[in-house]
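To start, the structure itself, in structure tokens.
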Amino acid sequence: MSSNTLVEAVPGGRAARKAERAQGSWGTLLVLLAGIFMATLDFFIVNVAIPDTQRDLGASTAAIQWVVAGYGLAVAAGLITGGRLGDLYGRRRMYGLGLALFTLASVGCAVAEGAGTLIVARVVQGMGMALLMPQVLGIISVVFTGAKQAKAFAAYGLAMGLAAVFGQLIGGVLIKADLFGLGWRSIFWINVPVGIAALVLLRRLVPESRGAGGTKLDFIGMDLIVAGLVAVVLPLIQGREQGWPLWTWLSLAAAPMLLGLFAAYQRWLARRGAAPLMDPVLFRGRAFAAGVSLALVYNMVMGSFFLFLALYLQQGHGMTALGSGLLFIALGGGYLVASKLSEKVAARIGRQVITVGTLVQAAGYAMIAGTVELIGTGGSVLWMIPGMVVAGAGMGLALVPMPGTVLAGVGPKHAASAGGVLATANQVGGALGIAAVGIVFYDRLGGHPAADTFGTAFVWSLLPLAALCVVAAALVQLLPKARVNG
């Protein structure tokens with residue numbers, strides 16, 4: 001077989017069974033989605049545990065932001081490298097390595113005795129996710145074809161969405177159950193048996209594949225992309241609490257230069273026939289270039305909404321982790337219904353299904369903002385349910401078709417690298433959203449927040465989120481008018 005597709009042998013006596021496995025079975029997809037669901041869940045599940053974690057570890061607000069954004073930043077900084085490693089050394093191998101690292105780091109999170117230790121363990125978790133996540137998209141691109149591939153991409157988007165919208169509920173149930181007195185630590189322990197089970201099944205159900213190209217890893221490119229991303233996110237999180245010292249502005253000024261240097265260096269390597277970390281040829285396709293921009297903007301909305309909603313419900317209204325998690329059922333219900341309809345809607349209106357989804361999501365945020373103002377501190381949060389359902393429906397329409405739309409034109413040679421770039425945009429967007437919207441939220445909250453100020457802070461944070469949804473809708477118009485893979 002060619003080096004840019006499958007590399008697993010097909011011996012004679014078992015040819016039929018091996019060939020079927022090499023083409024991708026639903027067992028293959030299940031193992032892959034187990035890892036992606038678990039890794040995505042850990043980005044969102046921590047939100048509902050933030051108040052308990054902060055009290056238990058005595059963490060500052062900046063430390064709490066780092067527990068969430070540090071994970072996303074580590075993922076973002078390593079995804080392109082992770083995709084390239086999969087192309088060079090085998091996607092199944094890198095998926096397994098990433099899953100093992102993620103599972104071990106989950107143990108580190110579960111036993112952390114201080115905020116610093118938890119942040120470090122979360123960063124290592126992010127490194128594991130950076131290895132496994134692009135391999136999922138790469139393997140799907142290679143081992144599934146035609147209608148089966150479209151369904152596999154849709155399942156990928158559905159798994160990520162379910163992990164996002166139900167992460168709060170799962171976390172709330174685990175904390176309420178307080179198994180073995182673990183409290184918030186149980187949200188990390190739950191990863192261990194799932195990770196072990198997926199690792200056991202990996203070699204049997206997932207075929208190996210890799211991409212063609214050079215055999216050297218671009219270490220200079222790795223350093224530049226990591227430095228550029230850290231230069232953006234670090235000052236946004238630390239700056240507000242430290243009074244925006246000079247270093248924060250210097251860091252923000254250096255970020256575009258570092259990222260620009262990274263892009264120029266990648267083009268230089270490609271012209272020389274070397275192996276860049278991110279092949280510039282990927283961005284020659286209109287769908288991929290516009291889709292990556294869309295993914296970055298859209299994911300600025302997702303992570304920050306879940307974090308600040310959880311803080312508003314638990315610290316502003318005094319709800320328990322389970323109580324706030326139960327409210328997310330409304331969001332999840334809207335998401336599930338709309339995600340089931342997204343393929344039929346896409347068949348009629350193509351890429352505009354994503355436009356409709358982002359605008360519906362913006363309308364849901366506007367409804368939530370209006371009800372939060374009416375609720376104040378004494379009203380029932382149940383008034384938020386209609387807005388939550390609408391916002392969830394928008395997520396279902398927008399999120400499920402997005403991966404297949406962006407990656408539809410990418411060939412198997414660059415499958416994992418393209419998956420790494422797309423997943424990087426997702427995670428950079430998440431980290432940037434938490435950092436940037438966090439400035440608005442915490443500025444409105446003030447130094448000594450009372451219960452009523454949480455509502456005001458949350459409403460103000462919803463305004464930029466709704467605006468970003470509208471920007472995402474505008475970016476959809478840059479995508480080709482081909483049918484969406486829903």
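No lab work stands behind these numbers, since they all come straight from the coordinates. Just so we're clear, the structure is a prediction, and the values are computed from it rather than from any experiment. Note: ideal-geometry Cβ built from the backbone for every residue, glycine included; neighbour counts use all protein chains shown.
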What's the lysine pair count for the chain at a Cα cut-off below 26 Å, pairs eight or more apart or interchain?
-> 15
What's the FRET efficiency of F180 with E208 using the Cβ-Cβ distance as r and R₀ = 45 Å, to the nearest 0.05?
-> 0.70
Give, as a single signed number, the net charge of other residues whose beta carbon lies under 10 Å from the beta carbon of P280, with Lys and Arg counted +1 and Asp and Glu -1.
-> +2
Calculate the length of the line joining the C-alpha centroid of the stretch 29-103 to that of the stretch 267-308, in whole Å.
-> 19 Å
Under a point-charge model restricted to the Cβ atoms of Lys and Arg (+1) and Asp and Glu (-1), what is the dipole moment magnitude of the chain relative to its Cα centre, in debye to the nearest 20?
-> 1960 debye
In what sequence, highest mean first, do 313-324, 49-60 appear when ranked by Cβ atoms within 10 angstrom?
-> 313-324, 49-60
Using every alpha carbon pair in the chain, what percent of pairs falls into each 20 Å bin from 0 up to the bin containing the largest distance?
-> 25, 59, 15, 0
Dipole moment magnitude, nearest 20 debye, the stretch 128-286 about Cα centre, only Lys, Arg, Asp, Glu C-beta charged | 540 debye
